Amino acid sequence: MYAVLRVQKLKTAGSIGSLNSHLTRTMDVPNADKNKSHLNQRLVGSDDLNSDVQNRITEAKSKVRKDSVLALEFLLTASPEYFKGNTDQKVRDFKNAASGWLVENYGLKNVVNVRLHMDERTPHMHAIVVPIDDKGKLNAKLLLGNRDKMRSMQTSFAKAVEPLGLERGVTGSKAEHVKISEYYELLNKANEVRAVDPPIYEVKKPSITEGTFLAEQWTREQNDNIRRSAESLKLKLKDDTVKTNLERVKQFLDAKAGEAFKKAEKALRDEFKAEKEALVLGFKKEIDPLRKDNEILQTENKELTAKVSSLEKIIEVLRSWRDRFISEMQKFGLKMDFDKGKAVKMTVPEVEQYQKEQAEKRAAYIAEQQRKQEQEKNRGQSGGMRM
């Protein structure tokens, strides 16, 4: 029989409030027996868990950060078979040993709420500990630490309840630790799936417009360089002839820059035109075989439709022949046994039913003939009167 210890962090007032509803049974607990709820005990604290936690934090003057762990929930119990037989005494012994271990390891003030639940299948305790260290800071990491710290905590608790005949699980085993919330989810057979679906972005090639912009930018930069050079020369050379020549040089270079821009733009247009034609040709090569396959499938579909129509007509003729054949057999008191594949005699009730149906058909036929004769007679009388 093993000692069982589970612990999980409580980071928000909402999670603490939800736990309080569970502890006080103000919410529906599917795996709890309502007829045994009076056996539950509140050993420490009040029915307002948020107040218990906040009062301790205020008393210690601890600063709460966004990532602070406000409290730790401990679930303390044992293998179900341990509580069988003399349950009351075993529960008292376990309660005392577990409570002593909590106070010894986390301090009397930090253990702000303890509950004993007797209305579920296995008796167990919930203990709420505010993780305040010797410096008055919220420090859950100090209490829980790393994997070695958690192993040490399990070993320490097992030693505290060892006199009760309980032992620790295998140290260093590969068994996975189940959180308290997962423990109750397993009990309630709950399963939540969350999936999540991620976005995909498309990378596009630069358009002709973007290419033109780059060429224009290059042209502007060259013109600016020419102007700056010309202005610098103007400061040194004041001769009108030189100024005239510089102006001519500037105009010449401007013209050359314009030609460079036009050539760059044309090159970009030719490049994109070639790529477009290549893409169209590639698509055409892929689409043409598909188009031919589609035409073949359409032809085959028409042929199949014609065959189906012909078969339907043949089936209709066969059904007519079958009905006539069955009718002729019934005249001789026979019917077709399709399971045996041969004709057999009709039973007396079947013969009587057949004769009844034939009599009804004859009567209906005679009545229809009489009706037609009566109509002909009336039409003849009406015609004689008009003359």
Of the listed residues (Lys335, Lys307, Lys361), the one being surrounded by 10 or more Cβ atoms within 10 Å (Cβ to Cβ), within 56 Å of the chain's Cα centre (by Cα) and not small (Gly, Ala, Ser) is Lys307
Total residues in the range 311-332, condition exposed (fewer than 11 other Cβ atoms within 10 Å of the Cβ) and polar (S, T, N, Q) | 1
Lone qualifier among Lys135, Lys174 - being modelled with pLDDT under 90, out of contact with any Pro (no Cβ under 9 Å at 6 or more places or on another chain) and more than 16 Å from Ala78 (Cβ to Cβ) | Lys174
Can Thr122 be described as part of a helix (DSSP H, G or I), at pLDDT 50 or above and within 17 Å of Ala78 (Cα to Cα)?
-> no
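A quick yes/no check of all residues on (1) of a type outside the set (Val, Ile, Thr); (2) in a helix (DSSP H, G or I):
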| site | (1), (2) |
| --- | --- |
| Leu304 | yes, yes |
| Ile314 | no, yes |
| Arg319 | yes, yes |
| Met329 | yes, yes |
| Met336 | yes, no |
| Glu357 | yes, yes |
| Ala363 | yes, yes |
| Gln369 | yes, yes |
| Lys372 | yes, yes |
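The values are calculated or read from the model by the stated rules, or taken from the named source; none is laboratory data. The shown structure was predicted, so the numbers you read here are calculated from the model rather than taken from an experiment. Every residue, glycine among them, receives a Cβ derived from its backbone with ideal geometry; neighbour counts consider all protein chains shown.
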